[in-house]
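**Student:** Take a look at this one; I'll ask things after.
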Amino acid sequence: MTEEVQETQVFPLAGSSYRCPAPQYARLRAEAPVVRVRTEGGVDAWLVTAYDEAREALADPRLSRAETVKPGAPRIGGAMTSTPDMIISMDGGEHARLRRLAAGAFTARRIEQMRPGIQRIADDLLDPLAMATSSGPVDLVERFTVPMPLTVIGNLLGVPMEVLWLFAAHARDFVTVDDQGEDSDSVNGLAKLTESMVDVVAQKRAHPAEDLLSDLIAARDSGDRLSEQELVTFAFTLIGAGFDTTANQLASSVLALIAHHRDQWNWLAEDRTRIPRAVEELLRHVNLFSTDSAGNPRIAAEDLELGGVRIAKGDAVVIAISAANRDGRVFPDPDRLDLARTPNPHLSFGHGMHLCLGKQLTRMELEVAIDGLVRRFPDLSLAVPESEIPWHLGGINHALETLPVTLRP
(Lines give C-alpha, C1' and ligand atoms only; values in the text may rest on other atoms or scores of the structure.)
Protein backbone atom coordinates (compact mmCIF):
# COMPACT_ATOMS: atom_id res chain seq x y z
CA MET A 1 0.00 0.00 0.00
CA THR A 2 1.53 3.31 -1.01
CA GLU A 3 1.80 6.32 1.27
CA GLU A 4 -0.21 8.31 -1.28
CA VAL A 5 -3.23 6.06 -0.94
CA GLN A 6 -2.97 6.11 2.84
CA GLU A 7 -2.87 9.87 2.93
CA THR A 8 -5.78 10.43 0.54
CA GLN A 9 -8.27 8.15 2.28
CA VAL A 10 -10.44 9.95 4.85
CA PHE A 11 -12.88 7.93 6.92
CA PRO A 12 -15.85 7.68 6.55
CA LEU A 13 -15.18 7.18 2.85
CA ALA A 14 -17.43 9.08 0.46
CA GLY A 15 -19.95 7.36 -1.78
CA SER A 16 -21.69 4.91 0.53
CA SER A 17 -25.37 4.23 -0.17
CA TYR A 18 -27.96 1.70 0.89
CA ARG A 19 -27.18 -0.22 -2.29
CA CYS A 20 -23.45 -0.57 -1.72
CA PRO A 21 -20.54 0.59 0.42
CA ALA A 22 -18.20 3.28 -0.86
CA PRO A 23 -16.53 2.07 -4.09
CA GLN A 24 -13.02 2.74 -2.74
CA TYR A 25 -13.36 -0.24 -0.43
CA ALA A 26 -12.86 -2.72 -3.26
CA ARG A 27 -9.39 -1.31 -3.95
CA LEU A 28 -8.49 -1.19 -0.28
CA ARG A 29 -9.55 -4.83 0.22
CA ALA A 30 -7.28 -5.87 -2.64
CA GLU A 31 -4.28 -3.67 -1.81
CA ALA A 32 -4.30 -3.23 1.96
CA PRO A 33 -7.09 -4.85 3.98
CA VAL A 34 -5.76 -3.12 7.10
CA VAL A 35 -4.66 0.43 6.32
CA ARG A 36 -4.02 3.61 8.26
CA VAL A 37 -6.39 6.45 7.38
CA ARG A 38 -7.25 9.91 8.62
CA THR A 39 -10.72 10.16 10.15
CA GLU A 40 -13.10 13.10 10.08
CA GLY A 41 -12.47 13.37 13.80
CA GLY A 42 -8.92 14.45 12.99
CA VAL A 43 -7.07 11.38 14.25
CA ASP A 44 -5.43 8.49 12.44
CA ALA A 45 -7.08 5.08 12.63
CA TRP A 46 -6.65 1.63 11.17
CA LEU A 47 -9.39 0.78 8.67
CA VAL A 48 -10.24 -2.92 8.24
CA THR A 49 -12.00 -3.82 4.98
CA ALA A 50 -11.50 -7.54 4.23
CA TYR A 51 -13.66 -10.32 5.65
CA ASP A 52 -11.08 -12.47 7.44
CA GLU A 53 -9.38 -9.49 9.05
CA ALA A 54 -12.73 -7.92 10.02
CA ARG A 55 -13.93 -11.14 11.63
CA GLU A 56 -10.65 -11.50 13.49
CA ALA A 57 -10.81 -7.89 14.69
CA LEU A 58 -14.41 -8.20 15.88
CA ALA A 59 -13.46 -11.23 17.99
CA ASP A 60 -10.21 -9.83 19.42
CA PRO A 61 -10.73 -8.78 23.08
CA ARG A 62 -7.65 -6.55 22.84
CA LEU A 63 -9.63 -4.24 20.54
CA SER A 64 -11.64 -2.47 23.19
CA ARG A 65 -14.92 -0.60 23.06
CA ALA A 66 -14.52 0.55 26.66
CA GLU A 67 -11.33 2.44 25.79
CA THR A 68 -13.25 4.60 23.30
CA VAL A 69 -15.37 6.24 26.02
CA LYS A 70 -12.61 6.98 28.52
CA PRO A 71 -11.60 10.60 29.14
CA GLY A 72 -9.10 11.74 26.55
CA ALA A 73 -9.85 8.92 24.12
CA PRO A 74 -9.22 9.83 20.47
CA ARG A 75 -12.31 11.19 18.76
CA ILE A 76 -13.13 9.21 15.66
CA GLY A 77 -15.42 10.75 13.07
CA GLY A 78 -18.41 8.78 11.84
CA ALA A 79 -19.37 7.36 15.23
CA MET A 80 -22.49 7.81 17.34
CA THR A 81 -22.52 9.07 20.91
CA SER A 82 -21.98 6.37 23.52
CA THR A 83 -21.40 6.36 27.25
CA PRO A 84 -19.48 4.05 29.61
CA ASP A 85 -22.67 2.51 31.02
CA MET A 86 -23.95 1.36 27.63
CA ILE A 87 -23.48 -2.33 26.84
CA ILE A 88 -21.94 -1.47 23.47
CA SER A 89 -19.23 0.45 25.37
CA MET A 90 -18.25 -2.40 27.69
CA ASP A 91 -15.70 -5.18 27.50
CA GLY A 92 -15.00 -8.44 29.29
CA GLY A 93 -16.77 -9.20 32.54
CA GLU A 94 -18.82 -6.01 32.65
CA HIS A 95 -20.18 -6.66 29.17
CA ALA A 96 -20.87 -10.33 29.94
CA ARG A 97 -22.70 -9.39 33.16
CA LEU A 98 -25.20 -7.17 31.35
CA ARG A 99 -25.56 -9.51 28.40
CA ARG A 100 -26.44 -12.47 30.63
CA LEU A 101 -29.32 -10.55 32.20
CA ALA A 102 -31.14 -10.23 28.88
CA ALA A 103 -29.80 -13.22 26.97
CA GLY A 104 -32.59 -15.55 28.08
CA ALA A 105 -35.19 -13.38 26.35
CA PHE A 106 -33.34 -13.61 23.03
CA THR A 107 -32.62 -17.32 22.66
CA ALA A 108 -33.65 -18.92 19.37
CA ARG A 109 -36.32 -20.95 21.19
CA ARG A 110 -37.85 -17.92 22.96
CA ILE A 111 -37.82 -15.89 19.77
CA GLU A 112 -39.52 -18.68 17.83
CA GLN A 113 -42.25 -18.72 20.47
CA MET A 114 -42.83 -15.05 19.65
CA ARG A 115 -43.58 -15.77 15.99
CA PRO A 116 -47.41 -15.92 16.31
CA GLY A 117 -47.45 -12.63 18.19
CA ILE A 118 -45.16 -10.97 15.66
CA GLN A 119 -47.37 -12.29 12.88
CA ARG A 120 -50.41 -10.73 14.55
CA ILE A 121 -48.63 -7.39 14.84
CA ALA A 122 -47.75 -7.47 11.14
CA ASP A 123 -51.27 -8.47 10.15
CA ASP A 124 -52.81 -5.74 12.29
CA LEU A 125 -50.71 -3.17 10.43
CA LEU A 126 -51.19 -4.68 6.97
CA ASP A 127 -54.94 -5.25 7.22
CA PRO A 128 -55.79 -1.52 6.98
CA LEU A 129 -53.35 -1.14 4.09
CA ALA A 130 -55.07 -3.93 2.20
CA MET A 131 -58.33 -2.01 2.54
CA ALA A 132 -56.74 1.21 1.27
CA THR A 133 -55.38 -0.02 -2.05
CA SER A 134 -57.51 2.45 -4.03
CA SER A 135 -56.95 5.52 -1.85
CA GLY A 136 -53.61 6.61 -3.30
CA PRO A 137 -49.96 6.27 -2.19
CA VAL A 138 -49.12 4.98 1.28
CA ASP A 139 -46.00 5.81 3.27
CA LEU A 140 -44.68 2.37 4.16
CA VAL A 141 -42.22 3.81 6.70
CA GLU A 142 -44.97 5.49 8.70
CA ARG A 143 -47.52 2.72 8.31
CA PHE A 144 -45.40 -0.43 8.56
CA THR A 145 -41.60 -0.52 8.64
CA VAL A 146 -41.32 1.61 11.82
CA PRO A 147 -44.44 0.64 13.82
CA MET A 148 -43.93 -3.10 13.35
CA PRO A 149 -40.50 -3.47 15.04
CA LEU A 150 -41.40 -0.71 17.50
CA THR A 151 -44.45 -2.67 18.64
CA VAL A 152 -42.51 -5.93 18.81
CA ILE A 153 -39.75 -4.58 21.06
CA GLY A 154 -42.34 -2.69 23.14
CA ASN A 155 -44.25 -5.91 23.79
CA LEU A 156 -41.05 -7.76 24.66
CA LEU A 157 -39.94 -5.11 27.15
CA GLY A 158 -43.40 -4.14 28.36
CA VAL A 159 -43.21 -0.46 27.39
CA PRO A 160 -46.46 1.37 26.44
CA MET A 161 -46.86 2.43 22.81
CA GLU A 162 -47.28 6.13 23.66
CA VAL A 163 -43.85 6.03 25.31
CA LEU A 164 -42.40 4.10 22.40
CA TRP A 165 -43.54 6.75 19.93
CA LEU A 166 -41.92 9.45 22.03
CA PHE A 167 -38.82 7.32 22.11
CA ALA A 168 -38.91 6.90 18.33
CA ALA A 169 -39.09 10.66 17.89
CA HIS A 170 -35.86 11.15 19.87
CA ALA A 171 -33.98 7.97 18.94
CA ARG A 172 -32.78 9.31 15.60
CA ASP A 173 -31.18 12.28 17.34
CA PHE A 174 -29.25 9.85 19.49
CA VAL A 175 -27.81 7.92 16.56
CA THR A 176 -26.89 11.10 14.71
CA VAL A 177 -23.23 11.49 13.79
CA ASP A 178 -22.21 15.05 14.62
CA ASP A 179 -19.70 17.03 16.65
CA GLN A 180 -21.02 15.49 19.88
CA GLY A 181 -20.68 18.84 21.68
CA GLU A 182 -22.70 19.75 24.75
CA ASP A 183 -25.62 21.06 22.68
CA SER A 184 -25.46 18.51 19.87
CA ASP A 185 -28.53 16.61 18.69
CA SER A 186 -26.99 13.31 19.79
CA VAL A 187 -26.29 14.49 23.34
CA ASN A 188 -29.71 16.14 23.63
CA GLY A 189 -31.32 13.00 22.23
CA LEU A 190 -29.53 10.89 24.83
CA ALA A 191 -30.78 13.18 27.62
CA LYS A 192 -34.37 12.96 26.40
CA LEU A 193 -34.21 9.17 26.11
CA THR A 194 -32.81 8.89 29.61
CA GLU A 195 -35.53 11.12 31.04
CA SER A 196 -38.27 9.11 29.34
CA MET A 197 -36.88 5.80 30.47
CA VAL A 198 -36.48 6.92 34.10
CA ASP A 199 -40.24 7.51 34.17
CA VAL A 200 -40.98 4.16 32.53
CA VAL A 201 -38.76 2.29 35.01
CA ALA A 202 -40.49 3.99 37.95
CA GLN A 203 -43.92 2.99 36.63
CA LYS A 204 -42.79 -0.56 35.88
CA ARG A 205 -41.24 -0.90 39.34
CA ALA A 206 -44.60 0.06 40.88
CA HIS A 207 -46.53 -2.25 38.56
CA PRO A 208 -44.32 -5.17 37.42
CA ALA A 209 -45.51 -7.59 34.77
CA GLU A 210 -44.27 -10.59 32.79
CA ASP A 211 -41.88 -8.75 30.51
CA LEU A 212 -38.16 -8.18 30.07
CA LEU A 213 -38.07 -4.75 31.70
CA SER A 214 -39.74 -6.10 34.85
CA ASP A 215 -37.14 -8.89 34.90
CA LEU A 216 -34.30 -6.39 34.63
CA ILE A 217 -35.78 -4.25 37.42
CA ALA A 218 -36.13 -7.34 39.62
CA ALA A 219 -32.47 -8.16 38.99
CA ARG A 220 -31.54 -4.59 39.94
CA ASP A 221 -33.68 -4.47 43.07
CA SER A 222 -33.05 -7.97 44.47
CA GLY A 223 -29.43 -8.66 43.70
CA ASP A 224 -28.06 -5.20 42.89
CA ARG A 225 -26.63 -6.64 39.70
CA LEU A 226 -27.45 -3.45 37.79
CA SER A 227 -26.87 0.10 38.87
CA GLU A 228 -29.87 2.37 38.37
CA GLN A 229 -28.09 4.16 35.53
CA GLU A 230 -27.17 0.85 33.90
CA LEU A 231 -30.79 -0.26 34.14
CA VAL A 232 -32.13 2.87 32.49
CA THR A 233 -29.44 2.92 29.80
CA PHE A 234 -29.75 -0.79 29.07
CA ALA A 235 -33.51 -0.46 28.64
CA PHE A 236 -33.38 2.34 26.09
CA THR A 237 -30.43 0.72 24.32
CA LEU A 238 -32.54 -2.41 23.84
CA ILE A 239 -35.41 -0.33 22.47
CA GLY A 240 -33.19 1.60 20.08
CA ALA A 241 -31.35 -1.45 18.82
CA GLY A 242 -34.60 -3.39 18.73
CA PHE A 243 -36.53 -1.13 16.40
CA ASP A 244 -34.42 1.49 14.60
CA THR A 245 -31.94 -0.78 12.88
CA THR A 246 -34.65 -3.31 11.98
CA ALA A 247 -36.92 -0.57 10.64
CA ASN A 248 -34.13 0.88 8.49
CA GLN A 249 -33.01 -2.52 7.20
CA LEU A 250 -36.58 -3.47 6.31
CA ALA A 251 -37.38 -0.22 4.49
CA SER A 252 -34.12 -0.24 2.51
CA SER A 253 -34.57 -3.91 1.62
CA VAL A 254 -38.07 -3.32 0.27
CA LEU A 255 -36.84 -0.32 -1.71
CA ALA A 256 -33.96 -2.29 -3.20
CA LEU A 257 -36.25 -5.12 -4.25
CA ILE A 258 -39.07 -3.14 -5.81
CA ALA A 259 -36.87 -0.47 -7.41
CA HIS A 260 -33.87 -2.48 -8.60
CA HIS A 261 -34.52 -6.22 -8.26
CA ARG A 262 -38.11 -6.68 -9.34
CA ASP A 263 -37.35 -10.15 -10.66
CA GLN A 264 -36.26 -11.28 -7.22
CA TRP A 265 -39.30 -9.72 -5.55
CA ASN A 266 -41.44 -11.73 -7.98
CA TRP A 267 -39.32 -14.82 -7.26
CA LEU A 268 -40.16 -14.50 -3.58
CA ALA A 269 -43.86 -13.98 -4.31
CA GLU A 270 -43.86 -17.21 -6.33
CA ASP A 271 -42.55 -19.26 -3.41
CA ARG A 272 -42.47 -17.64 0.03
CA THR A 273 -40.49 -20.53 1.54
CA ARG A 274 -37.50 -18.80 -0.07
CA ILE A 275 -37.79 -15.82 2.28
CA PRO A 276 -35.58 -16.96 5.21
CA ARG A 277 -32.60 -17.48 2.94
CA ALA A 278 -33.43 -14.25 1.11
CA VAL A 279 -33.34 -12.33 4.40
CA GLU A 280 -29.74 -13.40 4.97
CA GLU A 281 -28.75 -12.06 1.57
CA LEU A 282 -30.61 -8.81 2.11
CA LEU A 283 -28.75 -8.40 5.41
CA ARG A 284 -25.48 -8.93 3.57
CA HIS A 285 -26.14 -6.94 0.42
CA VAL A 286 -28.35 -4.02 1.47
CA ASN A 287 -25.99 -1.65 3.24
CA LEU A 288 -27.39 -0.50 6.58
CA PHE A 289 -24.34 1.42 7.73
CA SER A 290 -23.94 4.94 6.38
CA THR A 291 -20.51 5.29 8.03
CA ASP A 292 -19.54 1.66 7.31
CA SER A 293 -18.29 1.02 10.84
CA ALA A 294 -21.61 0.23 12.52
CA GLY A 295 -20.89 3.26 14.68
CA ASN A 296 -18.61 1.22 16.93
CA PRO A 297 -14.90 2.00 16.61
CA ARG A 298 -12.38 0.29 18.88
CA ILE A 299 -9.04 1.15 20.50
CA ALA A 300 -6.18 -1.30 20.95
CA ALA A 301 -5.70 -2.01 24.65
CA GLU A 302 -2.27 -3.50 23.89
CA ASP A 303 0.03 -4.03 20.94
CA LEU A 304 -1.24 -6.57 18.43
CA GLU A 305 -0.94 -7.69 14.82
CA LEU A 306 -3.83 -7.80 12.36
CA GLY A 307 -3.54 -8.75 8.71
CA GLY A 308 0.25 -8.57 8.92
CA VAL A 309 0.10 -5.01 10.25
CA ARG A 310 1.34 -3.99 13.69
CA ILE A 311 -1.26 -2.02 15.65
CA ALA A 312 0.09 -0.20 18.68
CA LYS A 313 -1.60 0.18 22.04
CA GLY A 314 -3.84 3.24 21.92
CA ASP A 315 -4.41 3.09 18.16
CA ALA A 316 -7.98 3.47 16.92
CA VAL A 317 -9.49 0.77 14.69
CA VAL A 318 -12.65 0.97 12.57
CA ILE A 319 -14.11 -2.16 10.99
CA ALA A 320 -15.98 -1.68 7.72
CA ILE A 321 -18.54 -4.46 8.00
CA SER A 322 -20.28 -3.49 4.77
CA ALA A 323 -16.96 -3.78 2.92
CA ALA A 324 -16.21 -7.16 4.50
CA ASN A 325 -19.64 -8.36 3.36
CA ARG A 326 -18.56 -7.68 -0.26
CA ASP A 327 -15.32 -9.71 -0.05
CA GLY A 328 -15.21 -11.91 -3.14
CA ARG A 329 -12.97 -14.45 -1.41
CA VAL A 330 -15.95 -15.36 0.80
CA PHE A 331 -18.95 -14.31 -1.33
CA PRO A 332 -18.67 -15.23 -5.03
CA ASP A 333 -19.84 -12.41 -7.29
CA PRO A 334 -20.19 -10.28 -4.14
CA ASP A 335 -21.85 -7.23 -5.71
CA ARG A 336 -24.77 -9.28 -7.04
CA LEU A 337 -27.93 -9.66 -4.96
CA ASP A 338 -28.55 -13.41 -4.96
CA LEU A 339 -31.47 -14.28 -2.69
CA ALA A 340 -30.64 -17.98 -3.00
CA ARG A 341 -27.02 -17.48 -1.87
CA THR A 342 -25.69 -20.20 0.41
CA PRO A 343 -23.65 -20.35 2.52
CA ASN A 344 -23.92 -16.74 3.63
CA PRO A 345 -21.67 -16.05 6.66
CA HIS A 346 -22.18 -12.27 6.58
CA LEU A 347 -21.02 -10.04 9.44
CA SER A 348 -24.05 -7.76 9.56
CA PHE A 349 -24.77 -8.78 13.15
CA GLY A 350 -21.12 -8.44 14.11
CA HIS A 351 -19.03 -11.20 15.62
CA GLY A 352 -17.39 -12.03 18.92
CA MET A 353 -18.51 -10.63 22.27
CA HIS A 354 -20.57 -7.85 20.67
CA LEU A 355 -22.48 -10.18 18.35
CA CYS A 356 -25.96 -8.67 18.16
CA LEU A 357 -28.09 -9.94 21.04
CA GLY A 358 -31.28 -9.55 19.00
CA LYS A 359 -30.10 -11.17 15.78
CA GLN A 360 -32.75 -13.92 15.83
CA LEU A 361 -35.50 -11.41 16.57
CA THR A 362 -34.39 -9.21 13.68
CA ARG A 363 -34.31 -12.18 11.32
CA MET A 364 -37.82 -13.21 12.31
CA GLU A 365 -39.23 -9.70 11.97
CA LEU A 366 -37.73 -9.32 8.50
CA GLU A 367 -39.08 -12.72 7.48
CA VAL A 368 -42.59 -12.00 8.73
CA ALA A 369 -42.65 -8.48 7.28
CA ILE A 370 -41.41 -9.42 3.82
CA ASP A 371 -43.68 -12.45 3.73
CA GLY A 372 -46.67 -10.26 4.53
CA LEU A 373 -45.80 -7.73 1.85
CA VAL A 374 -45.15 -10.16 -1.00
CA ARG A 375 -48.20 -12.23 -0.06
CA ARG A 376 -50.63 -9.33 0.12
CA PHE A 377 -49.09 -6.92 -2.36
CA PRO A 378 -47.17 -8.86 -5.02
CA ASP A 379 -47.41 -5.82 -7.34
CA LEU A 380 -46.15 -3.32 -4.73
CA SER A 381 -44.39 -0.45 -6.49
CA LEU A 382 -42.92 2.97 -5.83
CA ALA A 383 -45.42 5.82 -6.02
CA VAL A 384 -42.73 8.41 -6.89
CA PRO A 385 -39.37 8.29 -8.66
CA GLU A 386 -36.67 6.96 -6.35
CA SER A 387 -34.77 10.24 -6.68
CA GLU A 388 -37.62 12.02 -4.89
CA ILE A 389 -37.58 9.78 -1.81
CA PRO A 390 -36.01 11.62 1.16
CA TRP A 391 -33.34 10.10 3.38
CA HIS A 392 -32.41 11.11 6.91
CA LEU A 393 -28.89 12.52 6.70
CA GLY A 394 -26.20 12.47 9.35
CA GLY A 395 -27.02 9.18 11.08
CA ILE A 396 -24.93 6.07 11.48
CA ASN A 397 -27.49 4.13 9.41
CA HIS A 398 -29.05 4.71 6.02
CA ALA A 399 -32.58 5.68 7.05
CA LEU A 400 -35.50 6.47 4.78
CA GLU A 401 -37.71 9.29 6.00
CA THR A 402 -40.61 8.09 3.86
CA LEU A 403 -41.27 5.27 1.38
CA PRO A 404 -44.31 6.19 -0.75
CA VAL A 405 -45.70 3.07 -2.41
CA THR A 406 -48.70 2.10 -4.49
CA LEU A 407 -50.55 -0.94 -3.16
CA ARG A 408 -52.13 -3.30 -5.62
CA PRO A 409 -53.22 -6.63 -4.13
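**Student:** Once you charge only the Cβ atoms, +1 for Lys and Arg and -1 for Asp and Glu, what is the size of the charge dipole of the range 46-156 about its Cα centre, to the nearest 20 debye?
**Tutor:** Details: 13 positive and 14 negative charges, 79 e Å.
The calculation lands at about 380 debye.
**Student:** Over the range 194-329, what is the relative contact order in percent, taking alpha-carbon pairs closer than 8 angstrom and at least six residues apart?
**Tutor:** Values: 93 pairs, mean separation 20.7, N = 136.
With pairs under 8 Å counted, the relative contact order is 15 percent.
**Student:** When 1/r is averaged over all different Cα pairs and the result inverted, which Kirkwood radius in Å belongs to the range 290-371? Don't skip to the answer; put the middle values down first.
**Tutor:** On the way: mean 1/r = 0.0661 Å⁻¹.
It works out to 15.1 Å.
**Student:** Pop a pseudo-label 7 angstrom from the Cα along the beta-carbon direction at both ASP263 and VAL163 and give the gap in nm to one decimal.
**Tutor:** Label-label distance for ASP263 and VAL163, simple model: 4.9 nm.
**Student:** Heavy-atom accessible area per residue, the range 259-409, 1.4 Å probe: how many Å²? Can you show the working numbers first?
**Tutor:** Values: 5730 Å² over 151 residues.
Spelled out: the 1.4 Å probe surface of the range 259-409, per residue, equals 38 Å².
**Student:** Quote the Stokes-Einstein diffusion coefficient, in whole µm² s⁻¹, for the range 45-174, based on the Kirkwood radius over alpha carbon pairs, a temperature of 4 °C and a viscosity of 1.567 mPa s.
**Tutor:** Details: Rh = 18.6 Å.
The estimated diffusion coefficient comes to 70 µm²/s.
**Student:** Give or take rounding to whole Å, what are the principal axis extents of the alpha carbon atoms in the range 37-98, in descending order?
**Tutor:** Extents along the principal axes, in whole Å: 34, 29, 17.
**Student:** Once R0 is set to 25 Å, what does the formula 1/(1 + (r/R0)^6) return for the Cβ-Cβ distance between VAL43 and GLU94, expressed as a FRET efficiency to the nearest 0.05?
**Tutor:** Values: r = 25 Å, r/R0 = 1.01.
Calculated transfer efficiency: 0.50.
**Student:** For the chain, which DSSP H helices look membrane-span-like by this rule: Cα extent along the axis of 27 Å or more and mean Kyte-Doolittle of at least -1.0? Kindly include the intermediate steps, with their values, before the conclusion.
**Tutor:** Details: long enough: 185-206 (32 Å, -0.04); 228-260 (47 Å, 0.79).
Membrane-span-like by this rule: 185-206, 228-260.
**Student:** Let me ask another. Taking a probe of 1.4 Å, how large is the accessible area per residue of the range 48-150, in Å²?
**Tutor:** Ligands and nucleic acids excluded, the figure is 44 Å² per residue.
**Student:** With +1 on each Lys and Arg Cβ and -1 on each Asp and Glu Cβ, how big is the dipole of the chain about its Cα centre, in debye rounded to the nearest 20?
**Tutor:** Working: 41 positive and 58 negative charges, 214 e Å.
Dipole about the Cα centre, nearest 20: 1020 debye.
**Student:** Given Cα positions, please report Rg to Rh for the chain, the hydrodynamic radius being the Kirkwood one. Each step should come with its number before you reach the end.
**Tutor:** On the way: Rg = 21.0 Å, Rh = 21.9 Å.
That ratio equals 0.96.
**Student:** So for the range 235-276, considering every pair of alpha-carbon atoms, how many percent are separated by more than 13 Å?
**Tutor:** Working: 537 of 861 pairs.
Cα-Cα pairs in the range 235-276 separated by more than 13 Å: 62 percent.
**Student:** In nm, to one decimal, how far is the modelled label at GLN119 from the one at ALA59, with both set 7 Å along Cα→Cβ?
**Tutor:** 3.6
**Student:** In nm, give the distance between the simple-model label positions of ARG310 and GLU31, each being 7 Å from the Cα along the Cα-to-Cβ direction.
**Tutor:** Spacing of the two 7 Å Cα→Cβ label points: 2.4 nm.
**Student:** Only Cα pairs within less than 10 Å get springs; with that Gaussian network setup on the chain, which residue of LEU166, LEU157, LEU126 has the largest fluctuation?
**Tutor:** Result: LEU166 has the largest fluctuation of those listed.
**Student:** Let me ask something else about it. Once you compute Rg and the Kirkwood Rh from C-alpha atoms, what is the Rg to Rh ratio for the range 210-315? Mind dumping the intermediate values first?
**Tutor:** Values: Rg = 20.6 Å, Rh = 18.0 Å.
Rg/Rh for the range 210-315 comes to 1.14.
**Student:** To check you understand DSSP bridge types, tell me what percent of the beta bridges within the chain (both residues inside) are antiparallel, rounded to 5. Kindly include the intermediate steps, with their values, before the conclusion.
**Tutor:** Details: 21 of 27 bridges.
The antiparallel fraction comes to roughly 80 percent.
**Student:** Over the chain, what percent of the accessible surface lies on carbon and sulfur atoms, probe 1.4 Å?
**Tutor:** Values: 8630 of 16930 Å².
C and S fraction of accessible area: 51 percent.
**Student:** Given the range 260-397 reduced to its alpha-carbon atoms as identical point scatterers, what log10 I(q)/I(0) does the Debye formula return at q = 0.12, 0.14, 0.18, 0.20 Å⁻¹?
**Tutor:** Debye curve over Cα of the range 260-397, log10 I(q)/I(0) at q = 0.12, 0.14, 0.18, 0.20 Å⁻¹: -0.62, -0.81, -1.20, -1.38.
The values are calculated or read from the model by the stated rules, or taken from the named source; none is laboratory data. Keep in mind the model is a prediction, meaning the values are calculated, not measured. Positions of Cβ are backbone-derived with ideal geometry, glycine not excepted, and every protein chain shown enters the neighbour counts. Each accessible area value is taken on the protein alone, full model and side chains, heavy atoms only, with ligands, DNA and RNA left out. Shrake-Rupley method; radii C 1.70, N 1.55, O 1.52, S 1.80 Å.
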